[in-house]
Every structure is written in C-alpha cells, then in structure tokens.
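What follows is one structure encoded as structure tokens, with my remarks underneath.
Readers should treat all values here as calculations from the given coordinates under stated rules, not as data from a laboratory. Predicted, not measured: the structure shown is a model, and the values here were computed from it. Every residue, glycine among them, receives a Cβ derived from its backbone with ideal geometry; neighbour counts consider all protein chains shown.
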Amino acid sequence: MTPDRLPERPLLLRNGRVLNPAAGQYTEGDLLAVSGRIAEAGPGLVVPPGAEVRDLRGAFVLPGLIDAHVHVTAFTADLASIGGTSPFYVATHAARIMSGMLDRGFTTVRDVAGGDYGLANAQAEGLIRGPRLYFGGRALSQTGGHGDGRGPGDDSPVAHSMDCRLADGVDAVRAAARDELRKGAHHIKVMASGGVASPTDRIDSVQYSMDELVAVVDEAAAANRYVAAHAYTARAVKRAIEAGIRSIEHGNLIDDSTVALLVSAGAFLVPTLVTYWALKKEGRDFGLPEVSWLKVDEVLDAGLVALERAHRGGVRLVYGTDLLGGMHRHQSEEFRIRSAVQPPLDVIQSATSVAAELLGAVGDVGTLEVGAYADAVVLDGDPLTDIGVLADPAAHMPLVVQNGVVVRSSLRPRRGRGGTPPRPGPRGCAARRPDPAGSPGRTARPPAGPSPRRRSTFRTRRRTAPRRGRSSRARSASGTRGRPARPRAAR
Ligand SMILES: [Zn+2]
C-alpha cells in the first residue's frame, strides 16, 4: 500500500482517559502523535512546537474502531446491478460510504468483496476521506454460488461482477486467487455456502469442493495471506476450517461442535448481525430483491444465538456489519446488538485488539500504544458501562482522529484565544439523517446531530496556549482508576 499521507504538525491529546482494550484498563494522560503514529503516551507531556492541542478532560479515548466485514462499493442492496454501472460512479459512491464510516469512528475497515487497491490507495494518498482499507478484491464463487448474481432464467455467459468472480475447478480457483493476490489482496474471500443476497442458492447449501477450498488456502498461504469464507451453517463452517480457512464470516447457524473447532483451529468468527435486522426492515427500500428478502428470516434470529454460543465457547470474535446501500448508516448499531450477549469490553475488543489480530496488524491498529497509527475516537461517556455511546457516534463521539489528524470534530473552539477555526460537525449519514426506522431493540431514536450541551465540556486550543484549570468541569473519574482486566475466556 502506498504510504499514508503524513500530517504536517504533531497532535497532542491532553488529559483523556485512554483505554487499553487488550488489558481492559484506562490510564489518564496525554497522547502525542507525530508523523501519523503515537510517539509518546503518559501524563503531562511537553507540547512540541507547532503542535495542535486538544484538551479532552473528562472524555474517554479509544483506539480507532475496526469493522472487519464491509463492502464499500455496495451502494445498493441489489448487488447484481452494480456490475452494469460505471466504475467511476461506483467509486464515487464508495468515497461517500467510506466517509460515513470514518465519521462513525471506523478508522480501519476490512472489505470482503468489492474494495480494491484503487480505493485503498486513494484513501492512503488522501484523495478521499475514509477508513484505512484492508481489501480482498473480488470474492471467489462457484457457478450458482453466493457470488453468482444471475437468476434462474438467465443463460448469459459468466461475467465477473465488480465484487465477485466465478471460478470452478482447482486450477481455476488457483488462478483466480493468484490474480487477486497480484492486485494486492490482503486476504482471499471465498463463498463457502449459500447466502441471502444470491438469487439461486439455498442458505443451507455448501459451496466449493474441499479440493477447491484447500487450493485457495494453499495459494494464500504461499503469499503469506489468509482466506476468509462466507459460511452460515455448521456444515459449511466445518468444511472451511478443515480446509485451513482462518476467518469465518457470518456463522449464524453454527452449533457447539463448530465452536470447539473454531477454538482449536485458532480461527476468527466475524458475525454481522446488524445487516439482517436492517435487511428485514429496510432491505426492499434499498434494492434488495424480494427473493432475497424472503431468505433473511432463516438467519435473523439464529444470529444472536450463535454469537452467544461462540462467546461462551471462547471463539475470537471480530466486529463486522456487512451493510448494503442506504443501510450503511446503521454500522454502529452492531455494538448495541452484541451487548445483549457480550460484556461491553468484549465487544470493544472485537472492534480493536482482536480485529487487529485478524488483520495481522497488531501494534499498528486497535491499540494506542507507542508506535501504533495515531487513530483514536473520543467519547463523552464510558463505553465500558454504557456501550450505547459507541452505538450512537453522532451524539457521543465528538472527535475522531486518524493518522494523527483530526478528521471529525464537533468540539467547540475557544473563541478569542487563537483557537483552531471552527470545523464542520459530523458529516456522516448517521449525523445527517435522523433514523426514522428506529434501531434494533428500540422503538425510537433520539434525533441525530450534535449535542451542544455535552460537547461544550471540551475545548480546542492550539500550540502552547496556557492550560486553564477546569476541575469544576471535570467529570467523575470513576473510569480512570484502572479497571481490572476482565478475564477472557480461553481462546
Ligand atoms: Zn458480506
């Protein structure tokens, strides 16, 4: 990947309660970002000349969030229609979708069908704003599999779509995997079972022969990459794990023996629960064909049961959303959905430290330790006691930092004190549009948008302006005393 564009001046985040997700502990202090990375961490850091300074007293600071199952090119839920569209038009939509993700605090995402080196480079070079993009290029599907968008009456020849390519037979899947790796894929995605959005397969079908799956794993391993598999049922997941696949996507219909297999293989499970809720509620409004909408019920309720089962069994769980079209705005609701069966810290780890393991990017992302990318989100409440602050970034996430640059801020500058000029408020879909449909588990949602009263506790300062005591404004320090690490289930 092209080196990221570097910020022109250091950024000092003052007096935050900084979470180490892996340890489950807050430390109160400062973070200094230089050249896009965390250069120093600790209390009372010296302000470097020319630095931008943000005082975060009373706020909670987490590493930038990671969503490990997105499709940045899926501007409609009618995936088959995307192939007939200009790639420039798709890219323009992708830029908008990625910008919304960044506004929700996702500074890194993994695209598992559709995203490519062009979008990844455009983001890294600063041509578009969005999360750092780990991509798999086009997913591999068998004929009639989850990546085959042709309906039963369609006898047109096989053609690649923008997000999937059809390949049948060991030689063909090897060549396809090699081709995606040639184009820079960080992983290879295979369709190993039926799915919701595909018109002719059954969710309980298994796809690709074992020989084909093993061949793809072989090619990925040769390139020091890994394979991610779309798989719903216990049968499909077992075949994938036996073939050596490392990342299981969805897994809504797994059983206890599959959980044991995932654990013993050290594999990751990436549930994507919010998308089923969104597809059922809004899918048809955003292009999901009727035949696909009718399949949602098969996986909707089972998903939470599977998550609970996997959590109890100690599977390494990673945050994923899989949203399509206009439903991308629900990306943060996955936090709230998962918290029904997982403690908040576990959900946070799935979007930070554990996701970093899946990406092979430990030390770079999912942490705020020295040396990591300076990606951070600032929250006005403690997500360890109320995960809802992460589920509603428009209301509770006043600051997003990526590569040591403030990329979204609703903090009020201090007038007349040489503060940083006012920046626009949140620009994401979630910020622009109140959600008329409500959210999972709720019937109404507070209006989206800035919450001036809460945000006024933060101030923007620049350079070496003298610090002002603000103890009367400081919030309860209950979160800063060092939370004991929550015992993690054995992996
Ligand atoms: Zn997907």
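Nearest 0.05, what FRET efficiency do R202 and Y89 give at R0 = 41 Å with Cβ-Cβ as r? Given R0 = 41 Å and the Cβ-Cβ separation, E is 0.80.
When peptides 310-317, 371-378, 45-52, 65-72 are sorted by average Cβ neighbour count within 10 Å, with the highest value leading, the order is 65-72, 371-378, 310-317, 45-52. Per-peptide packing, taken as the mean over residues of other Cβ atoms within 10 Å, places 224-234, 338-348 in the sequence 224-234, 338-348 from highest down.
Label separation (S35 vs L294): 6.0 nm, computed from points 7 Å beyond Cα along the C-beta direction.
3J(HN,Hα) couplings calculated from phi for segment 30-37 with the Karplus curve 6.51 cos²θ - 1.76 cosθ + 1.60 (θ = phi - 60°) are, in sequence order, 10, 10, 10, 9, 10, 6, x, 10 Hz; Gly and Pro show x. For the peptides 394-400, 56-62, 294-300, the ranking by packing is 394-400, 56-62, 294-300, with the highest mean count of neighbouring Cβ atoms within 10 Å listed first.
For E40, the residues whose modelled amide H falls within less than 5 Å of its own, excluding neighbours fewer than 5 places apart on the same chain, are L32. Rounded to whole numbers, the Karplus 3J(HN,Hα) couplings from phi for segment 387-397 are 5, x, 5, 7, 6, 10, x, 4, 9, 10, 10 Hz, using 6.51 cos²θ - 1.76 cosθ + 1.60 with θ = phi - 60°, and x at Gly and Pro. Taking 7 Å steps out from each Cα toward its Cβ at A172 and V158 produces label points 0.2 nm apart.
Can you check what the net charge comes to around D211, using other residues whose Cβ is under 15 Å from the Cβ of D211 (Lys, Arg +1; Asp, Glu -1)? Within the 15 Å Cβ shell, the charges total -4.
Using Cα pairs closer than 8 Å and at least 6 residues apart in sequence, work out the relative contact order for segment 255-334, in percent.
50 percent
For K295, a cut-off of 30 angstrom between C-alpha atoms picks up these lysines, skipping any fewer than 8 places away in its own chain: K189, K238, K280, K281.
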